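Read-outs: derived from the displayed coordinates by stated rules, not from any lab. Remember, it's a predicted structure, so these values are computed and weren't measured experimentally. Note that each Cβ is placed from the backbone with ideal geometry, even for glycine, and that neighbours are counted across all protein chains shown.
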Amino acid sequence: MSTTLDFDRYDRIRPIRWTGDSLELLDQRKLPFVVEYVTCADSDAVAEAIHALTVRGAPAIGIAAAWGVVLAARSVEAANGNDAATKLEPALQRLNAARPTAVNLAWALARMRRVLVTAGADWRDVLDREAQAIADEDLAANRRMGALGAALIEPRSGVLTHCNTGSLATAGFGTALGVIRAGVAEGRIDKVFAGETRPWLQGARLTVWELQQDGISPTLIADSAASHLMKSGDVQWVVVGADRICANGDTANKIGTYQLAIAARHHGLKFMVVAPSSTVDMETPSGDAIHIEERDPGELFAVGGVRTAAQDVGAWNPVFDVTPHELIDAIVTERGVIERPDAAAMKVAFGS
Ligand code: MRU
């Protein structure tokens, strides 16, 4: 079962726009109530936008950072790429420090550095082309993963997803949400459930809005309703994205993913991770070595600016967790599907 997907219908949102002079970011702090692009005129503005979640999602922050390097280049005079690389390094470091967990950020900056050091007098054009290539390759990878991931899902299935892994989190189409888009288009998926994703509500605000643009009507659930939903028999797959996939297949993703994987295994459901190869980090042996971002505890005290927690309470706000590879049935990248991932299977797929 496969159809040629109508990408004009299923892939219209673009969170990152390069104008030639500046970077425009669809402000994900305000969606879905305000649809507004903010303009970043320099690389520090891009770093701040990444840190503040104006742009978010592992592939999207890598792409934004690559354009941040292009912006940084505007204020540097250099005779060749190697000279420029030295002068640009402080800006690259500030971009890299914006968020710690998604490896796509460091990966994109490493790509920009790599092309720069061998570039000649045309080093600015080389940077422009590389940033565009990073974005173009991400879109192509997502479309490929959509087909590969959807093929794993039996017709008329229900799926549960977490956070936002769609066009908003990527160059377009999305990772887990790309699989869901393809699965719906092919008739494999007839029910989509989206967890709210407290505290930032990427599911309730972003995933629901994105799917609605495509004419797909998801059912929103409280994060705490997931096990009860699984027990009902209405879902067969949990499909999520990733911020970093380690050499043994352990996967960091939005906080709450780990408990979904545990509950899925308990209920006999399948668990799929969908991410481009830019999210694979073969240098990190296992999930224990991943730096998990902890954000301001204040994010837990209020919803939409209205305080919901009692006064004078302390809070802990880790925003990612690690799903051990034993709980993952399939990792889908644009290079193919790794079933029951472990260190050996990862090595075959990605080398050492
Ligand atoms: O904090 P966020 O919103 O950047 O977290 C995003 C996620 O955890 C996504 O699931 C992940 O980046 C994959 S996006 C294709």
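All Cα-Cα distances of the range 37-182, cut into 5 Å bins from zero to the largest, leave 2, 11, 19, 19, 17, 12, 9, 6, 4, 2, 1, 0 percent in each bin in turn. I want the antiparallel fraction of DSSP beta bridges within the chain, as a percent rounded to 5. In the chain, DSSP labels about 50 percent of beta bridges as antiparallel.
Fewest Cβ neighbours within 10 Å first, please rank I13, I134 accordingly. Could the numbers behind the result be given before it?
Working: I13 19, I134 22.
Sorted ascending by nearby Cβ count, the order is I13, I134.
Over all pairs of different C-alpha atoms in the range 309-352, the reciprocal of the mean inverse distance, the Kirkwood hydrodynamic radius, equals 13.3 Å. Taking amide hydrogens as placed 1.01 Å from N in the peptide plane, the amide H of T170 sits under 5 Å from those of A60, each at least 5 positions away in sequence or on another chain.
When the alpha carbon coordinates of the range 148-243 are projected onto the principal axes, the ranges are 34, 33, 26 Å, largest first.
Which of Y37, Y258, Y10 has the fewest other C-beta atoms within 10 Å, and how do the rest follow up to the most?
Y37, Y258, Y10
Relative contact order of the range 56-159, taken over Cα pairs closer than 8 Å and 6 or more residues apart, is 34 percent. Residues whose amide H falls under 5 Å from that of G241, counting only those 5 or more places apart or on a different chain, are H162, A176, V274, with hydrogens built in the peptide plane. For the chain, the membrane-span-like helices by this rule, meaning whole DSSP H stretches whose C-alpha atoms cover at least 18 Å of axis and whose Kyte-Doolittle mean is 1.6 or above, are 58-73; this says nothing about an actual membrane. The relative contact order of the range 216-268 comes to 36 percent, based on Cα pairs under 8 Å that sit 6 or more residues apart. Taking every C-alpha pair closer than 8 Å and separated by at least 6 residues, the mean separation divided by the residue count of the chain gives a relative contact order of 16 percent.
With point charges of +1 on the Cβ of Lys and Arg and -1 on the Cβ of Asp and Glu, referenced to the Cα centre of the range 14-139, which listed residue (G120, V55, A84) lies farthest in the positive direction of the dipole? Ranked along the dipole, the leading option is V55. Neighbour counts of other Cβ atoms within 10 Å put D8, D27 in the fewest-to-most order D8, D27. Computed from the Cβ-Cβ distance with R0 of 41 Å, the FRET efficiency linking H51 to H266 stands at 0.65.
Pairs spanning more than 32 Å between alpha-carbon atoms, out of K30/K231; K87/K347; K270/K347: K30/K231; K87/K347. What is the distance in Å between the Cα centres of the range 83-149 and the range 171-188? So the separation of the two Cα centres works out to 25 Å.
With helices as the sole contributors, the chain gives -11500 deg cm²/dmol at 222 nm; each DSSP H run of n ≥ 4 counts as -39500 (n - 2.57), and the sum is divided by every residue. Computed from backbone phi with θ = phi - 60° and the Karplus coefficients 6.51, -1.76 and 1.60, the 3J(HN,Hα) list for the range 228-244 is 4, 4, 4, 5, 5, x, 7, 10, 10, 10, 9, 10, 10, x, 8, 9, 6 Hz; x is used for glycine and proline. In the range 217-339, the DSSP beta bridges split such that about 60 percent are antiparallel, to the nearest 5.
Close amide H partners of N248, meaning residues 5 or more places away or on another chain with modelled amide H under 5 Å apart, do not exist here.
Taking Rh as the Kirkwood radius, which is the inverse of the mean 1/r over Cα pairs, what is the Rg/Rh value for the chain?
Across the chain, the Cα-based Rg/Rh ratio is 0.97.
When the P(r) is computed for the range 241-352, the part past 16 Å accounts for 61% of the Cα-Cα pairs.
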